[in-house]
Amino acid sequence: MRLVPRRVGVVVVVLLVGLLSPGVVEAADDDRTCRRGDRGRVLGFDRVASHPTAADARAYFEEWAEFYRDFYQFPADLPTDIGHGFDSYKVAYCTVDVGAVPTAATGNVSVPRKAGPLATVAYLHGTSVSFYDAPSNPNIFGDLSENGESFDGPPSSAIFAGGGFVYVAPDYLGLGDSTVPRHRYFHAATEASSAADLLVAARDVLGSLKVRRSGELFTFGFSQGGHAALALHRLLQRRGDEVTATATVGGVFDPERFFLSGIADTTTLTVPLYVAYLLLAYDDIYDVYGRLSEVFRPPYAGRVPGLFDMEHFFDDVLAGLPPTSRELLTASYFRAVRTNPDEPMRVRLRQNAVDRWQPRTPIRVYHSPVDEEVSFEDMLVSVGRLRSRGAEVTVRRLPGLDHVNSWVRAMPRAADYFETLSAA
């Protein structure tokens, strides 16, 4: 969930440190069709970036930070602990869509240049509205194309893989090379399954690369990715797979509260994007309303689907929407969804909550009390629900930081936290 600097009419070419020409490694049987029973099968993998030394990895992170520094007011000395070079691979693999329908997806597996055995961090990224804005794309900036910019992938891979962890990051369905026409936004089941199936695929990729892994598995999620991280942790626990710990920053755990807070918010300019995105995605999945004109005011009823075609910049989507949700939604729908807890959209949002179960291993929540995107108070409600079920949840406040700066500051802290658990 973030705003990006607008780039209009400028072609930017970036040379990543040590970027290698693609060299796809096909699946053994050369069959790239996903069928039932194929979950986690590797369709192919391709080295897409290489940062041979720790200095190269730090330069990659700093290049990303410098590109966004003025926009997000990043300090000149963002704290990181990048001690290793790393290589990034784009992995194509089989997973499932809604209704357990087989489908292909992509993700990033990054390997530190460090002797094993290595712990693993499953990284779950925040809101993206563009298919190319996904962790499997290593580009920091670029034109509106398949090689356009990736916001979450570069800094998170640099911090976690550069910090000595195997980094495994799903693109999610509808992003990367997925053929799902629109991202399954805040759909807990496919967030979790796309991540869990990439973890299975990663075992084969890492085996091919002769990478030794330890038994520690951590999950980390930013914003929407906080929701995905808890959904993944819950799925793995139910399967009997041990998660060592989970950390989140600016995370959403109750989509219904997030949606209701969003339609009531009249000051945060990004909120109408999240509201519209949720409404489109949940109608794709659950058929929660009839005609678009029943939900969206004109001219937005005719405009919104095209904005969320997965081919627009984040700020271009925002430019096509009004500044508040009240101006986006029809008066009748706005009133119904605010007042009726049995309204179909709210029922489905509630079904996707990830704060009503009992994790057996620790959860650490990083959050700023002044986070403008995800309410600190809503987070505390969700933490209370998890604790009431016996979960060990600690909250680490990040005073004075906005949503994106919270994320950038939390990642190295989480890496240090995971390191202490790995060494225990």
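The values are calculated or read from the model by the stated rules, or taken from the named source; none is laboratory data. All values derive from a computational prediction rather than experimental measurement. Quick reminder, even Gly has a Cβ in these numbers, built from the backbone with ideal geometry, and neighbours come from all protein chains shown. The area values use the complete protein model at the heavy-atom level, side chains included, leaving out ligands, DNA and RNA. Shrake-Rupley method; radii C 1.70, N 1.55, O 1.52, S 1.80 Å.
Here are some notes:
- Among the residues of this structure, PHE308 counts as one that is touching a Lys or Arg at 6+ places or on another chain (Cβ under 7 Å) and not hydroxyl-bearing (Ser, Thr, Tyr).
- Selection within the stretch 338-372 - of a type in the set (Asp, Glu) and open to solvent by less than 20 Å² (accessible area, probe 1.4 Å): GLU343, ASP355, ASP371
- Which listed residue, of ALA196, ALA231, ALA189, is open to solvent by 10 Å² or more (accessible area, probe 1.4 Å) and out of contact with any strand residue (DSSP E or B) (no Cβ under 6 Å at 6 or more places or on another chain): ALA189
- Lone qualifier among ALA276, ALA281 - being in a helix (DSSP H, G or I) and out of contact with any helix residue (DSSP H, G or I) (no Cβ under 9 Å at 6 or more places or on another chain): ALA281
Okay, residues lined up against (1) part of a helix (DSSP H, G or I); (2) without any contact (Cβ under 8 Å) to a residue 40 or more places away in the chain; (3) under 21 Å from the mean Cα position of the chain (by Cα):
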residue: PRO369; (1), (2), (3): no, yes, no
residue: GLU373; (1), (2), (3): no, no, yes
residue: MET379; (1), (2), (3): yes, no, yes
residue: VAL395; (1), (2), (3): no, yes, yes
residue: GLY400; (1), (2), (3): no, yes, no
residue: VAL404; (1), (2), (3): yes, no, yes
residue: ALA410; (1), (2), (3): yes, no, yes
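- Tally of residues being under 16 Å from VAL252 (Cα atoms) and surrounded by fewer than 17 Cβ atoms within 10 Å (Cβ to Cβ) across the stretch 394-411: 4
- When GLY176 is tested against (1) within 19 Å of ALA49 (Cβ to Cβ); (2) over 17 Å from the mean Cα position of the chain (by Cα), exactly one condition is not met: (2).
- Selection status of PRO362, over 24 Å from LEU235 (Cβ atoms) and not small (Gly, Ala, Ser): no
- Cβ-Cβ under 7 Å pairs, at least 6 apart or on other chains, the stretch 325-350 side within 10 Å of ARG297 (Cβ to Cβ), far side part of a loop (DSSP other than H, G, I, E, B) and open to solvent by less than 70 Å² (accessible area, probe 1.4 Å): LEU328/LEU321; LEU328/PRO322; LEU329/VAL295; THR330/VAL295; TYR333/VAL295
- Qualifying residue in the stretch 209-216 (condition: hydrophobic (A, V, I, L, M, F, W, C), more than 19 Å from VAL354 (Cα to Cα) and open to solvent by 10 Å² or more (accessible area, probe 1.4 Å)): yes
- Test: residue in the stretch 302-310 that is touching a Leu at 6+ places or on another chain (Cβ under 6 Å), in a loop (DSSP other than H, G, I, E, B) and more than 24 Å from LEU398 (Cβ to Cβ): yes
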